[in-house]
Amino acid sequence: MTPDASSKKEKLFGLVVVSFGLLCVLQAALNISLRLALYSSGANTPDLEAVIKNLTEEGEDLNWKLSTCANNSQLGWVYFNHRFYYISSIVKSWQESRDDCLQRGADLMIINSKEEQEFGSQFNRDTWIGLTDSETEGKWKWVDGTALGTSYWGPGEPNHANSAEDCAEIWNLQKVNHWNDIPCKKQNHWICEKVGPA
């Protein structure tokens, strides 16, 4: 990482920390103001109590989201569409890649939308995703056990060449990012995915 990139990352992290602090102060001020308004008016209606409870819960949820986001970004995770993704810098087999994801509290990436496919394709490298037909040839399933629905296979794929291609990758062939089936022992980069706060 260049010194400029490191400096920018430190500034961004500092901005996140300052924003988090300001949000905490704002939440506390709002809670105090609402409580004062509630008790000075003498009203003790369930509706106002519910509003205060909801604001407190929303504030706690926001604090958790911000701290989770800050912690994960420090560990090499990327946040996209309420999920965290880890993009490897080294290569491993499909199973070794999955094991790495599981050790991180995640699993290989499951692609559920065109936006997620485009996100996974932007790294310009061949990457393992959590799709395999190793249990039953031709029945592609995601690592969570769900059957394949929408797919982004390249032309003529999956082709099960040499009867040995049971794992899927995002294939970065000439900057056209489609899926390809290849042998699971091939060494590839990988993308882990875990659900972030909603």
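Data for the structure
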| read-out | value |
| --- | --- |
| In nm, spacing of pseudo-spin labels at Arg104 and Ala161 (7 Å Cα→C-beta vector) | 2.8 nm |
| Length gained when the stretch Asn112-Thr150 is fully extended (0.36 nm per residue, less Cα-Cα span) | 12.9 nm |
| Listed residues Lys141, Lys114, Lys185 arranged by accessible area, highest first, probe 1.4 Å | Lys185, Lys114, Lys141 |
| Compactness of segment 85-140 - radius of gyration and Dmax, Cα, Å | 11.9, 31 |
| Taking only Cα atoms of segment 121-173, radius of gyration then Dmax in Å | 11.2, 30 |
| Sites Glu58 and Phe80, calculated FRET efficiency, Cβ-Cβ separation with R0 30 Å, nearest 0.05 | 0.85 |
| In Å², nearest 10: area of Arg104 left accessible to a 1.4 Å probe | 80 Å² |
| 22 Å Cα-Cα threshold exceeded, pairs from Lys139/Lys194; Lys114/Lys141; Lys114/Lys186 | Lys139/Lys194; Lys114/Lys186 |
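The values are calculated or read from the model by the stated rules, or taken from the named source; none is laboratory data. Here the structure is a predicted model, which means the values were calculated and not measured. Every residue, glycine as well, gets a Cβ built from its backbone with ideal geometry; the counts of neighbours run over all protein chains shown. Accessible surface areas use protein heavy atoms only, side chains included; no ligands, DNA or RNA. Shrake-Rupley method; radii C 1.70, N 1.55, O 1.52, S 1.80 Å.
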